[in-house]
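Beneath this line is the structure, given in structure tokens, with notes to follow.
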There are 4 protein chains.
Amino acid sequence: MQKYIVLLSSTRRVVVERGKTHYGDFGIIDTSTVEVGDVIRTKKETFVVVEPTISDTLSICRRGAQIVTAKDAGQIMAITGLSSGWKCLDAGSGSGFLAIQLGNAVGPKGRVITYEKRKDFFTTAKKNIERCGLEGIVTIKNQDVATFREKNFDLIFFDLKHSHTLVERANARLKPGGWLIVYSPHIEAQIAALEEMRNNHMHVHATIETIQRKWKSNHGYTHPEPSGITHTGFMTFARKVV
Amino acid sequence: MQKYIVLLSSTRRVVVERGKTHYGDFGIIDTSTVEVGDVIRTKKETFVVVEPTISDTLSICRRGAQIVTAKDAGQIMAITGLSSGWKCLDAGSGSGFLAIQLGNAVGPKGRVITYEKRKDFFTTAKKNIERCGLEGIVTIKNQDVATFREKNFDLIFFDLKHSHTLVERANARLKPGGWLIVYSPHIEAQIAALEEMRNNHMHVHATIETIQRKWKSNHGYTHPEPSGITHTGFMTFARKVV
Amino acid sequence: MQKYIVLLSSTRRVVVERGKTHYGDFGIIDTSTVEVGDVIRTKKETFVVVEPTISDTLSICRRGAQIVTAKDAGQIMAITGLSSGWKCLDAGSGSGFLAIQLGNAVGPKGRVITYEKRKDFFTTAKKNIERCGLEGIVTIKNQDVATFREKNFDLIFFDLKHSHTLVERANARLKPGGWLIVYSPHIEAQIAALEEMRNNHMHVHATIETIQRKWKSNHGYTHPEPSGITHTGFMTFARKVV
Amino acid sequence: MQKYIVLLSSTRRVVVERGKTHYGDFGIIDTSTVEVGDVIRTKKETFVVVEPTISDTLSICRRGAQIVTAKDAGQIMAITGLSSGWKCLDAGSGSGFLAIQLGNAVGPKGRVITYEKRKDFFTTAKKNIERCGLEGIVTIKNQDVATFREKNFDLIFFDLKHSHTLVERANARLKPGGWLIVYSPHIEAQIAALEEMRNNHMHVHATIETIQRKWKSNHGYTHPEPSGITHTGFMTFARKVV
């Protein structure tokens, strides 16, 4: 059973700790007496009680560091074909958002190891992993990933300052056909990683960037939101050959 | 054991039927005598033999209809938090690409039902589902989805001409908190679906569009590809409340 | 001679009224004693004194209403081939930014008439036109454009709530081959205008939207700005045939 | 009087040499007997005869080399505030498209000098400049721009392989406040140019890239075009200080 529960109305998503009383501007809800599927009517809102998906729980996770957004996490899943049972390495953890998305996808038969050398980020990420109930799948280490020794990975993800210096090690520790993904906001980091991937005879799949716009539509006025995120990061995907 | 096997080199990905002999410009490879992990050296290339991921097998699936691309399938996974065990409805199947991505993500504990009324698309999609070894998880029906009667879905995906006419039915047949996603190339279809979602008091999460560019980088010349896909479709995400 | 003068350093652009003393955190500059081309060294900065371009003067114009940005104004110039001597209609003026760009391009042999029914916007736009020294070229009227009677326009630009209701009138008052441009943030306004353009047998050139990103580059860290403008407006370009 | 004339119908734009007979699938039109403003009815189309704008004439200019598109030319005009009377340098000419756009904007009081070292591009660009009737404003030289000696430019535009090597020379030959624009498809060229601009204490305005999508709308089906141009070039804008 998950720690959290979602109160969902047509205009709100409130993720609350199970068993606690929630005070909102819409009224007071005592979650110790509700069950999944219950409908709760306050003065202003009609809520239904639902189990959180991983994206619900992520929405209340703390963001101590820049996160890998859903937009980019989704590309990793769909491009690699990420599946139940995969063994993944993630570094640095940051706030743990990608480790959590990977953990959710690989499930109890899979495993995610995530490295974070900064103590403050490590603490935040660890708590977030626990919030999502994934501590049995995702292992977090408060260490520099530079000397990691685990092997036989299906997928390695780097969101680090000098990822290119770790391409050779990553390649050595992937399964044949396994995926290395280098993420960074800066194009130079992609260029450097790409060169190292080629030096290691990896199969380079693609370097991509993904731009997403939200649209609003109200009574005949439909338009993309006028301002928002214009860039998160580039990602280069490559696979181990030899 | 999967039907296919991947021969991966630094420049090629060749997905071949296991046990067959493959003739390429790089030489002849008899796959009946190879095992996963073997390294095969032809005159021109060094291949490693690997198990296909779902994206590998999708790469050789036939495209009889416009497909939901990995770029958009990934958004569905990451935004909804799609997980092992989910029960999904998909219509129309088209070539079955999204049903296959969903099937891969929900795994043997989950289920995907996909409807396709056109006989030719149905036949293509069915074959693609079998190619991916997902016939135990993904059920395809050669019927119009308009009167579907299954219920308790975690996720319903519509890529149909008049999706908005089915929003009420979808809402009635989702679990509380379950996701409805309407996909279409045309903005009017999103506007109409959004209105129906609001009429049904659904929790509207967002309408998005996702633009992806591939970058090339060779010896100091790094740039986005000059031409390519500029639009696939919009997607509106909403969840059942009551 | 222009009212303003620009003090340009490697990090600043300060547009000041000619003859006035300017007090900045970089020091005090008395512009009554400087001439174009002079170099002024303060403790922190080296400035050169230059004549303002129209974009310099626009940078200090007041923005009482949403403006047509340089990004979109540039499309109008390049797509239509806007030239010296053209006669243009612009409505509504808003803060007058587009009227000013048009006025600068058509020059003293050309003419721009701009309509603004809101008194407050009219006042701002009028002052901005004067700031740019274009009152001899750009005429602003504090009237609703709906009944405009001028004719023989080379270019008519509408940034209005219901532009489509004015397409017929615009077509009647354009020169053959003259351009009508409908701008709006909302896609419905483009669809409605487009239909009217077709009803009037206009030559529809295109409906476009233009997305611009700024890039930052510092010591090996090069990336698009992470957040910013994601949408201004759509524009439909059509020309009068009969 | 221009060499060309435009036959414009609701679906076609035919740019033809004045005085010649034009044979199209829509019928035969003898332009020696028509005047601007005439309406010509063939079996299939109703045409009006109009003077070409510069964008009309550019539409029939030959493209021997990659051109600077209207999308990017427009940014140059609007961002710099390009005006009648400016003196511009353009190199390399390529097919002359930008030189022509600049020539049209600066008019008879202005001047554009464009350099092209490749003989074949030079020949094409020269012919295109003449097609547009701009040979009195735009001077083309079949020389390498590397040693250009003209000075007092308001605007210098480089679309060259190693533009950064010419930043110092450009800065020395601009008027104070004058604009240098470096265009290239490759991000490395922008980074290198930017560094040189900073070394020369120029005022760096911005590095931009502009993405444009065309939209289609027919009877309730409105969408961006599914494929097209995804990248032309980046542009860095800087101004001379000292």
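Only the coordinates and a few stated rules stand behind these numbers; no lab work does. Keep in mind the model is a prediction, meaning the values are calculated, not measured. Here the Cβ positions follow ideal geometry from the backbone for every residue, glycine too, while neighbour counts run over all protein chains shown.
Given the C-alpha atoms of chain A, compute the convex hull and give its volume per residue in Å³.
Numbers: hull volume 35.2 nm³, N = 242.
Per-residue hull volume (Cα only) is 146 Å³.
Under 23 Å of direct C-alpha separation, and excluding same-chain neighbours fewer than eight residues apart, D:Lys109 reaches these lysines: C:Lys3, C:Lys87, C:Lys109, D:Lys3, D:Lys87, D:Lys126, D:Lys127, D:Lys141, D:Lys151, D:Lys175, D:Lys240. Cross-link partners for B:Lys44 among the aspartates and glutamates, with Cα-Cα distance under 14 Å and sequence neighbours closer than 8 places in the same chain left out: B:Asp25.
Residue order for B:Ile229, D:Ile140, D:Ile113, fewest other beta carbons within 10 angstrom first, comes to B:Ile229, D:Ile113, D:Ile140.
Sorted from shortest to longest, the distances between the C:Tyr23 label points of this copy and the other copies are 4.9, 7.9, 8.9 nm, with each point 7 Å from Cα along the line through the beta carbon. Sparse packing (at most 11 other Cβ atoms within 10 Å of the Cβ) combined with a DSSP loop state is found for the following GluC sites (Glu not before Pro) in the range B:1-103: B:Glu35. Taking the alpha-carbon centroid of each part, what is the distance from the range A:110-173 to the range C:132-159 in angstrom? The range A:110-173 and the range C:132-159 have Cα centres separated by 62 Å. Each peptide in A:70-76, D:51-57 was scored by the mean count of other Cβ atoms within 10 Å over its residues; highest first, the order is A:70-76, D:51-57.
Distances from A:Val242 to itself in the other copies, using label points 7 Å out along the Cα-Cβ axis, amount to 6.0, 6.7, 7.2 nm in increasing order. For the range B:45-92, the Cβ-based charge dipole about the Cα centre amounts to some 220 debye (Lys, Arg positive; Asp, Glu negative; other atoms uncharged). The overall shape of the range C:47-102 is oblate: from the C-alpha gyration tensor, with semi-axes ordered a ≥ b ≥ c, the ratio a/c is 1.5 or greater and a/b is no larger than b/c. Phi angles across the range C:120-125 convert, under the Karplus curve 6.51 cos²θ - 1.76 cosθ + 1.60 with θ = phi - 60°, into 3J(HN,Hα) values of 5, 5, 3, 5, 4, 4 Hz, Gly and Pro given as x.
To the nearest 20 Debye, how big is the dipole of the protein assembly as shown about its Cα centre, given +1 on the beta carbon of each Lys and Arg and -1 on that of each Asp and Glu?
Details: 132 positive and 96 negative charges, 0 e Å.
It comes to approximately 0 debye.
Ordered by the number of other Cβ atoms lying within 10 Å of each residue's own Cβ, fewest first, D:Thr124, C:Thr11 fall into the sequence C:Thr11, D:Thr124.
Listed by chain and number, the aspartates and glutamates whose C-alpha is less than 17 Å from the C-alpha of A:Lys161, apart from same-chain residues fewer than 8 away, are A:Asp90, A:Glu116, A:Asp144, A:Glu188, A:Glu195, A:Glu196.
3J(HN,Hα) along the range A:179-188, derived from phi through the Karplus expression 6.51 cos²θ - 1.76 cosθ + 1.60 where θ = phi - 60°, amounts to 9, 10, 10, 9, 10, 6, x, 9, 5, 4 Hz, with x in place of Gly and Pro. Among the trypsin sites (Lys or Arg not before Pro) in the range A:73-130, those located in a DSSP loop and surrounded by at most 15 other Cβ atoms within 10 Å of their own Cβ are A:Lys109. Across the identical copies, the label point of B:Gly136 (7 Å from Cα in the Cβ direction) is separated from its matches by 2.2, 8.3, 8.5 nm, in order from shortest. Each DSSP beta bridge with both residues in the protein assembly as shown is either parallel or antiparallel, and the antiparallel ones are about 65%.
Between C:Thr33, C:Tyr23, C:Val49, the Cα set farthest toward the positive side of the dipole of the range C:4-52 (charges on each charged residue's Cβ, about the Cα centre) is that of C:Tyr23. Just check the range A:116-165 against the gyration tensor rule for me: Cα atoms, a ≥ b ≥ c as the square roots of the eigenvalues, rounded for a/c under 1.5, and otherwise prolate or oblate depending on whether a/b exceeds b/c. It comes out oblate by the Cα gyration axes.
With a 10 Å radius around each residue's Cβ, average the other Cβ atoms per peptide and rank D:204-215, A:231-242, A:143-154, highest first.
Those peptides, ordered most packed to least, come out A:231-242, D:204-215, A:143-154.
Backbone phi angles across the range B:8-16, fed through the Karplus curve with coefficients 6.51, -1.76 and 1.60 (θ = phi - 60°), yield HN-Hα couplings of 10, 10, 5, 10, 10, 10, 10, 9, 10 Hz in residue order; Gly and Pro are listed as x.
For D:Gly81, the residues 5 or more places off, or on other chains, whose built amide H falls under 5 Å of its own are C:Ser55. The residue in chain C that lies nearest, by its beta carbon, to the axis linking chain C with chain D is given here with the distance in whole angstrom as C:Gly74, 2.
How many Cβ atoms of partner chains, on average, are near each residue of D:227-235 if near means within 10 Å of its Cβ? Write down the numbers at each step before the final one.
Values: counts 6, 5, 5, 11, 10, 4, 2, 4, 1.
What the average comes to for D:227-235 is 5.
Just checking the listed ones, C:Val15, C:Val68, C:Val138: in the Gaussian network model of chain C with Cα springs under 10 Å, the one fluctuating most is C:Val15.
Dipole check for the range D:1-148: with +1 at the C-beta of Lys and Arg, -1 at the C-beta of Asp and Glu, and the Cα centre as origin, the magnitude is about 240 Debye.
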